[in-house]
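Below you'll find the structure, written out as structure tokens, and then a few comments.
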Amino acid sequence: MPPPTYNSLVAARTRVAKHILADAALLKQLQDAGGLERDLVAVVVSGEAAAAANMGQSIATGVAAGASVDVEGAFVALQREYSTIMARVVAVRADLADDGARGEVLKPIDAIIANETAVHIKTKKGEGDRAIRKAMKSASQEAVRAEIEKDATALLANGDVAGPLLARGVDAGRLKRLEQDAQALSGKLAARTAKRGQRRAATAAEHASVTQQRRKWGAIYRILTAVHDEQVEALLKEAARRR
């Protein structure tokens, strides 16, 4: 069964309740049939809350999508620059070894090179859902981002590679920008996660409001049919397909 979401039926039920509440004679008919004003108010409040949550979800979805695009672009750019710099670090390591550098000089460079990594997100077909796969991807991106930041910091602190890297087009400023871009991406990843949380909260609120209205509607539907009015009868037909 699909989740309870805001749709034309929810809107129709809300209109029925508002129409009766706005007409004293119709409200009297409802009350004579055993209905209460608060029944209608509950239908209206839950219906309007569902509409508001639906709108909020739409807005949050758009914002989250924009945040996701922003993150993906920043992540790809960061990886590209990191890969370019690391290719030169590997070459510098070979230069130092050829020049007879000692083990204590090469070991820190080897550690940085060994940490070089790429994102490989693997999910088995039929295992998990879209939300789980997104969570796995976010975790992988954060792990890679943190590794890039750590390597950039280590390269900046390593005086043995400064000169050779500069000769190959990588100065301290470029390494610092890599470090700063990795740090900035951390904030973008956190913001994306927060926006996804806002979207989920709006969705949950929408489902709860629609369920609440549906429950109240089902409880008073037979009483509502005792209200004799052409507009009410037309609205009831529109709203009665799923109680």
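The values are calculated or read from the model by the stated rules, or taken from the named source; none is laboratory data. Everything numeric here is computed off the predicted structure, so don't read it as measured data. For neighbour counting, all protein chains shown are included, and Cβ atoms are generated from backbone atoms with ideal geometry for every residue, glycine included.
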Test result for VAL43, modelled with pLDDT of 80 or more, assigned to a helix (DSSP H, G or I), on the phi < 0 side of the Ramachandran plot and surrounded by 15 or more Cβ atoms within 10 Å (Cβ to Cβ): yes
Residue ID - nearest to THR153 (Cα to Cα), chosen from residues in the range 95-113 that are small (Gly, Ala, Ser) and in contact (Cβ under 8 Å) with a residue 40 or more places away in the chain: ALA111
Residue check for VAL76: in a helix (DSSP H, G or I), modelled with pLDDT of 90 or more and either surrounded by 13 or more Cβ atoms within 10 Å (Cβ to Cβ) or of a type in the set (A, V, I, L, M, F, W, C) (or both): no
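For every residue, the table says whether it meets (1) farther than 30 Å from ASP160 by Cα; (2) out of contact with any Asp or Glu (no Cβ under 9 Å at 6 or more places or on another chain); (3) modelled with pLDDT under 90.
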position	(1), (2), (3)
ASN7	yes, yes, yes
VAL10	yes, yes, yes
LEU30	yes, no, no
ALA50	yes, no, yes
VAL71	yes, yes, yes
Cross-chain or 6+ apart pairs with Cβ under 8 Å, the range 224-243 first and among the acidic types (Asp, Glu) and assigned to a helix (DSSP H, G or I), then surrounded by fewer than 16 Cβ atoms within 10 Å (Cβ to Cβ) and modelled with pLDDT under 85: GLU238/SER8
Condition broken by ASP99, with the remaining ones in (1) at pLDDT 90 or above; (2) charged (D, E, K, R); (3) more than 38 Å from the chain's Cα centre (by Cα) satisfied: (1)
